[in-house]
Amino acid sequence: MNISGTSPRLRLAATAALLPLLALTACGSGSTDGAPAAGAQGSSAPADNAVATVRKVHSVAALLPADVRRSGALRVGSSVGFPPGAYYPQGTDAEKPVGQDIDIADAAAKVLGIELERQDASFETILPALGSGKYGLGTGNFGVTTARLKTIDFVTYINDGQGFAVKKGNTALGKKVTELTQLCGLTIGTGAGTTFETTLAAQKGVCAKAGKKPYDVKVFSENGATVTALQQGRIDVVMSTINGLRYQAAQPASRTTFLGEFHRLDVGFAFKKGSALTRAFQAAVNQLIEDGTYARILKRWGTSASAIDASRINPPEHK
């Protein structure tokens, strides 16, 4: 997402413009429970906006730090770019993003009685900016990892993880990737600053140990660039979110095949370490789970299979 001289909003618009040509998205969320996928190819938001009926819960709002209660607002660094997680609807002049992550954050804010001052930011810049105080909250499908827990606090709201996809018709890897040695000798495309990049870098020696040619990793800061590289044959496989790749492959015009779950991760709202906001946001997410709003949001975006039973603060990484 770091195109020199281009604003995040314009970059996202450019990525959205690519979608009807490519007939797929680089990442997002997808249905695993038989519900139809929603928000395809940057379309308008599906019906049943559960957020509209959410009201402030005073007992939950009381958990907010006093300064946030007084201001009634919180600055958010938000990674926005592709449906159904967070995107700008295609073919409109909408200035506000929509998607699963947007709905959950907005619903939690309504429970807390505050407004979110959302600022578009590239994925890899948000976590460092939390520590500097630029943002009070970060959103962008951030997986909870042991490394990130050293400097970031998380409040979980969904369970997703890591998966792989190839261009439709490519059967070299079979139907599922379960071991990274299956990727030896191939070129893998993934996003900058992600858990996928970290995993691939940390495990690159597995091919040499297996007596095989190492895999090559190409890192992209733009989702559109990753998709283009796959379709043009410059990369062999994409590593991204389970829900996003499954969603992508389910689209009628998609030209990708999902190769299964590789590693599950909790996903959460991100805060600077020691933030006083975590208890309030955890209680807000749990309120949404309890009153049924959470289930309606996930159903709206086709991600019900990734629901959690309760929000947690800083759970250990799934091994």
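The values are calculated or read from the model by the stated rules, or taken from the named source; none is laboratory data. Nothing here was measured: the structure is a model prediction, and the numbers come from that model. Glycine gets a Cβ as well: all are built from the backbone with ideal geometry, and neighbour counts include every protein chain shown.
Points to keep in mind about this one:
- Residue match in segment 298-319 (condition: outside the structural domain of residue 239 (by TED's automatic domain parsing), in a strand (DSSP E or B) and farther than 26 Å from residue 163 by Cα): no
- Yes/no for residue 120 being in contact (Cβ under 8 Å) with a residue 40 or more places away in the chain, over 30 Å from residue 232 (Cβ atoms) and buried (at least 18 other Cβ atoms within 10 Å of the Cβ): no
- When residues of segment 179-199 are limited to those that are touching a residue at least 60 places away in the same chain (Cβ under 8 Å) and more than 29 Å from residue 294 (Cα to Cα), the one farthest from the chain's Cα centre (by Cα): 199
- Any helices (runs of 4 or more DSSP H) falling wholly within segment 69-178 and containing at least 1 residues that are over 13 Å from the mean Cα position of the chain (by Cα) and of a type in the set (Lys, Arg): 100-112, 146-149
- Residues that are out of contact with any Asp or Glu (no Cβ under 7 Å at 6 or more places or on another chain), closer than 21 Å to residue 189 by Cβ, modelled with pLDDT under 95 and of a type outside the set (Phe, Trp, Tyr) are absent from segment 265-284.
- Of the set (1) among the hydroxyl-bearing types (Ser, Thr, Tyr); (2) assigned to a loop (DSSP other than H, G, I, E, B); (3) out of contact with any strand residue (DSSP E or B) (no Cβ under 6 Å at 6 or more places or on another chain); (4) modelled with pLDDT of 95 or more, all apply to residue 254 but (4).
- Within segment 300-319, considering residues that are over 22 Å from residue 279 (Cα atoms) and among the hydrophobic types (A, V, I, L, M, F, W, C), the one surrounded by the most Cβ atoms within 10 Å (Cβ to Cβ): 301
- Taken together, the criteria exclude residue 24 from residues that are part of a loop (DSSP other than H, G, I, E, B), buried (at least 17 other Cβ atoms within 10 Å of the Cβ) and at pLDDT 85 or above.
- Top-ranked residue in segment 200-215 [being aliphatic (A, V, I, L, M) and under 25 Å from the mean Cα position of the chain (by Cα); ranked as nearest to residue 187 (Cα to Cα)]: 200
- Selected residue [under 19 Å from the mean Cα position of the chain (by Cα) and over 20 Å from residue 100 (Cα atoms)] from 272, 218: 272
- Test: residue in segment 134-153 that is of a type in the set (S, T, N, Q), touching a Gly at 6+ places or on another chain (Cβ under 7 Å) and either outside the structural domain of residue 47 (by TED's automatic domain parsing) or under 30 Å from residue 257 (Cα atoms) (or both): yes
- From 151, 146, residue being surrounded by fewer than 21 Cβ atoms within 10 Å (Cβ to Cβ), touching a Leu at 6+ places or on another chain (Cβ under 8 Å) and either closer than 30 Å to residue 208 by Cβ or touching a residue at least 24 places away in the same chain (Cβ under 8 Å) (or both): 151
- Screening residue 247 against (1) part of a strand (DSSP E or B); (2) among the aromatic types (Phe, Trp, Tyr); (3) within 15 Å of residue 165 (Cβ to Cβ) leaves a single unmet condition, (1).
- Number of residues in segment 262-319 that are touching a strand residue (DSSP E or B) at 6+ places or on another chain (Cβ under 8 Å) and either free of Cβ contacts under 8 Å to residues at least 12 places away in the same chain or polar (S, T, N, Q) (or both) equals 7.
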